[in-house]
There are 2 protein chains.
Amino acid sequence: MADALKIGIAGLGTVGASLARILQTRTQALTVACGRPIAISAVSARDKTRDRGVDLAGIAWFDSPVEMAEKADIDVFVELIGGAEGPAEHSVRAALGRGVHVVTANKALLARHGVELAKLAEEKGLLINYEAAVAGGIPVIKTLRESLTGNDFSRIYGIMNGTCNYILTRMEKEGLSFADCLAEAQRLGYAEADPTFDIEGNDTAHKLSILTTLAFGSQIAADEIYLEGISNISIDDIHAARDLGYRIKLLGVAQKTATGIEQRVHPTMVPLDSVIAQVDGVTNAVALESDILGELLMVGPGAGGNATASAVLGDITDIAKSRPGAQMVPVLGRPAHLLEPYVQAEMTRHEGGYFIRLTVVDRTGVFASIATQMAENNISLESIVQHSQTSSDADQTKTIILVTHATLEKSVRQAVAAIKEEGYLLGEPQVIRIERPKTA
Amino acid sequence: MADALKIGIAGLGTVGASLARILQTRTQALTVACGRPIAISAVSARDKTRDRGVDLAGIAWFDSPVEMAEKADIDVFVELIGGAEGPAEHSVRAALGRGVHVVTANKALLARHGVELAKLAEEKGLLINYEAAVAGGIPVIKTLRESLTGNDFSRIYGIMNGTCNYILTRMEKEGLSFADCLAEAQRLGYAEADPTFDIEGNDTAHKLSILTTLAFGSQIAADEIYLEGISNISIDDIHAARDLGYRIKLLGVAQKTATGIEQRVHPTMVPLDSVIAQVDGVTNAVALESDILGELLMVGPGAGGNATASAVLGDITDIAKSRPGAQMVPVLGRPAHLLEPYVQAEMTRHEGGYFIRLTVVDRTGVFASIATQMAENNISLESIVQHSQTSSDADQTKTIILVTHATLEKSVRQAVAAIKEEGYLLGEPQVIRIERPKTA
């Protein structure tokens, strides 16, 4: 039997405590699977006195994760602190600098410093494993990094934020407003007190930027992502989508185009009978489209202490199974110094179907004007739905819903801007992009 | 740059030719990802003259795969011959005996000789990678073997035969009979001239037996699988399922029970709004349920030259990325000599919901008799549907459909046997098991 793999866990929140419990209760099975024991040699957290349901006797305690990274007797530094800078970044750098492998669940850190950290690790022959950083328990990092080597990707997309998917699912199933569902999600612990980062798409963007690099071999470009959140999705949009045979999901999409890579996060209509449309609640899903394999979709828990701990554990066992220095899996799919520069495709050149919902004053000529603007911008329509509102007001209003065939984003923006100038529009027009799975 | 990884490909059918083409056209990307080139050093096939769209110049040709395994200058033997015995088995043994890693897509070989071959490989410090053997391009082997180490599995199930799923999908979508859809599948190359192995569930059983071992750590037991094919599924069953909110899929299911492991392959009703119910056509899907992760579902192409080649390629690149002898991933998830004996749960003790369709003579007392038999066997009913057939015959007939709550297989068998003895049954009763995803 080989020596134990010694790990240090930095951060004993939900995931860290769950990981420690699993390592302590499943010792034998893990030893059999890895051919050697995995031992927790050190931990670091803020509050030593808190009861986490874990026996910390005999494990070195560090108040500072950086100090643990610098001094503890460990083979692997497990970073579960979070945050792109500060202690997470400093401790990971310290661990790599000292020749210690890193396992992390930190998407923000990788989105910000991933390429640099990968270079550092590769210079030293070290591994950075980060399965838990994207889509929690779904093994999408391993799949992209190891299983699909040699595939040429055309598009990857997914539901990568459980908070948003929970809210959208509840809105549809219960007919509740966005605000009500958000409040419910907060009550249940599915949303933060300040939910901005989730509902405005930033969290999805961080995850997407990592997948983009793995799929397309380009530098991580987390700031070059088109971003739209779900806070302005109304129950009317959800019902209209359903009537037209779609469901609304917040997707992160990365796509190879003739002019560069499109990275975008926005509410998206997906066909009601597609597999991804059935992914409900806090569950995540990631789809990978490539030329050799075709389409692969993975559905699973995107968050939660245990699911995340499962991914972290997989990363640790991968290191336990390999002899020191024996693996050569590049952190970002190819050696970091060989990543291509990121070339961003302009969002105005995005091509796809669009759902456009307009509330207008109900008077003669309005529909003709809308139709004319669409025609003048070369937008061909797949379907048109028109509802008159029964209102006690003097002015009758009408809702007009247009679904376009594949068209340019630029054309849609121009048409909508022109319609806005006509003066019959009430409120803001709603524009939602349509995404179709390859196979549907 | 490290030396090239030298591979020998045995079998140049659809998959082998596709693999060779990919290796020849994507040399640079593969070299970057693996840190070394992958070179085809030898090939073996029956007919040297056939044009396979691959340039074989400078590659050693062997008429016999065994001879190639014994003599070729290779690091990895890629077995794409097929069959549980004969050349496939002999050549794989020869390769391992000589200290050469093996990559194979051969489910039958592994279902039959997997444990023995794993022992042989592990004694010699060699790898056997076989991602393509189960569910084609879906990385379920890697996920079970590497990502979910430490998880305790409760159930795994999946759609693992594209032929059956294609037929069932077409039956539902087009309202065609089993025979018509089978003929169509044969015309399109989705079914063999002799389709028995696919439609009777044997192919699914082979794949299931491998997943069972990976998930539950028991010896491979491909012969101890309860087997029912799809040839007696009628369009009436499919319509009745739909009316009740289900869809019929051929599932392979392995489940841990108090008395052992249940392995079963049979037509199964899954809830219409579940994710797996949307998996159409030749697409495969595998669901893994475990205590730490929860539920993971993977959907993708289960067959086809390119999708299978993608999985084989992933297996090869895994070896290319590791230094010789450096990996210690046990072939079957744990070292083969530590696999537990397989303890089979009796099928009569299976517990679940059942769909029962009975065609009966329409006369007074029949329904009461059926209800009595159900009650006497402690079967509680979730729903009952009754249709009278409009027939010109003297005898009116009736279709009675029962859906049970969770009940014992034994009780259902007893109740159905008792009903058969009553004499009012026309034709054979149809019994289809119901399976519910954990999350639905």
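The values are calculated or read from the model by the stated rules, or taken from the named source; none is laboratory data. Note that the coordinates shown come from a computational prediction; the quantities given were computed from them, not determined experimentally. Glycine also receives a Cβ, built like all others from the backbone with ideal geometry; neighbour counts cover every protein chain displayed.
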* Given the conditions (1) at pLDDT 95 or above; (2) more than 14 Å from chain A (Cβ to nearest Cβ); (3) out of contact with any helix residue (DSSP H, G or I) (no Cβ under 7 Å at 6 or more places or on another chain), and given that B:Val76 satisfies all but one, which numbered condition is not satisfied? -> (3)
* Is there a residue being at pLDDT 90 or above and of a type in the set (A, V, I, L, M, F, W, C) anywhere in region A:386-399? -> no
* Number of the condition not met by B:Met328 [criteria: (1) under 30 Å from the mean Cα position of the chain (by Cα); (2) surrounded by fewer than 21 Cβ atoms within 10 Å (Cβ to Cβ); (3) more than 7 Å from every other protein chain (Cβ to nearest Cβ)] -> (3)
* Some residue of region A:107-116 being under 23 Å from the mean Cα position of the chain (by Cα), more than 14 Å from chain B (Cβ to nearest Cβ), free of Cβ contacts under 8 Å to residues at least 40 places away in the same chain and part of a loop (DSSP other than H, G, I, E, B) -> no
* Restricting the search to region A:49-82, which residues are at positive phi and buried (at least 17 other Cβ atoms within 10 Å of the Cβ)? -> A:Gly82
* Asked: Tally time: how many residues in region A:158-194 are under 28 Å from B:Asp318 (Cα atoms) and away from every other protein chain (no Cβ under 14 Å)?
  -> 1
* Does B:Glu85 qualify as being modelled with pLDDT under 95 and either away from chain A (no Cβ under 14 Å) or surrounded by fewer than 18 Cβ atoms within 10 Å (Cβ to Cβ) (or both)? -> yes
* Asked: Taking the condition modelled with pLDDT under 95 and buried (at least 24 other Cβ atoms within 10 Å of the Cβ), does A:Gly125 pass?
  -> no
* To do: Please go through region B:74-88 and pick out each residue that is farther than 19 Å from B:Trp61 by Cβ and in contact (Cβ under 8 Å) with a residue 24 or more places away in the chain.
  => B:Gly82, B:Gly83, B:Ala84, B:Glu85
* Of all residues in region A:249-265, how many are in contact with a Gly (Cβ under 7 Å, 6 or more places away or on another chain) and not hydrophobic (A, V, I, L, M, F, W, C)? -> 1
* Consider B:Asp51 carefully, then state whether it is in contact (Cβ under 8 Å) with a residue 60 or more places away in the chain, out of contact with any Leu (no Cβ under 8 Å at 6 or more places or on another chain) and more than 14 Å from chain A (Cβ to nearest Cβ). => no
* Is it true that some residue in region A:162-180 is in a loop (DSSP other than H, G, I, E, B), surrounded by 21 or more Cβ atoms within 10 Å (Cβ to Cβ), touching a residue at least 40 places away in the same chain (Cβ under 8 Å) and of a type outside the set (D, E, K, R)? -> no
* Going by the conditions given, is B:Ser91 in contact with a Gly (Cβ under 6 Å, 6 or more places away or on another chain), in contact (Cβ under 8 Å) with a residue 40 or more places away in the chain and outside the structural domain of B:Ala222 (by the TED database)? -> no
* **Failed item, numbered, when B:Ser147 is tested on (1) within 13 Å of another protein chain (Cβ to nearest Cβ); (2) free of Cβ contacts under 8 Å to residues at least 60 places away in the same chain; (3) over 25 Å from A:Ile138 (Cβ atoms)** => (3)
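Scan B:Leu96, B:Leu127 and give me the residue that is over 23 Å from B:Val286 (Cα atoms) and in contact (Cβ under 8 Å) with a residue 60 or more places away in the chain.
Within the list B:Leu96, B:Leu127, the selection yields B:Leu127.
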* To do: Please enumerate the residues belonging to region A:79-106 that are more than 21 Å from the chain's Cα centre (by Cα) and closer than 21 Å to A:Leu23 by Cβ.
  => A:Ser91, A:Val92, A:Ala95, A:Val100, A:His101, A:Val102
* In the list B:Val140, B:Val134, which residue meets the criterion of being closer than 29 Å to A:Val140 by Cβ, out of contact with any strand residue (DSSP E or B) (no Cβ under 7 Å at 6 or more places or on another chain) and crowded, with 20+ Cβ neighbours inside 10 Å? -> B:Val134
* Structure fact -> Scanning region B:1-28 for residues that are surrounded by fewer than 16 Cβ atoms within 10 Å (Cβ to Cβ) and within 14 Å of chain A (Cβ to nearest Cβ) gives B:Met1, B:Ala2, B:Asp3, B:Gln24, B:Thr25, B:Thr27, B:Gln28
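Yes or no, residue by residue, for (1) more than 14 Å from A:Met171 (Cα to Cα); (2) polar (S, T, N, Q); (3) modelled with pLDDT of 95 or more:
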| position | (1), (2), (3) |
| --- | --- |
| A:Ile230 | no, no, yes |
| A:Ser234 | no, yes, yes |
| A:Val253 | yes, no, yes |
| A:Gly260 | yes, no, yes |
| A:His266 | yes, no, yes |
| A:Ala277 | yes, no, yes |
* Hand me the list of strands (runs of 3 or more DSSP E) wholly inside region A:251-321 holding 2 or more residues that are at the interface with chain B (Cβ under 9 Å from one of its Cβ atoms). => A:283-290, A:294-301
* Working only within region A:352-385, note down all residues that are among the charged types (D, E, K, R), farther than 15 Å from A:Leu408 by Cα and at pLDDT 95 or above. => A:Arg357
* Could you identify the single residue in A:Ile248, A:Ile220, A:Ile233 that is away from chain B (no Cβ under 14 Å), touching a Pro at 6+ places or on another chain (Cβ under 7 Å), touching a residue at least 60 places away in the same chain (Cβ under 8 Å) and part of a loop (DSSP other than H, G, I, E, B)? => A:Ile233
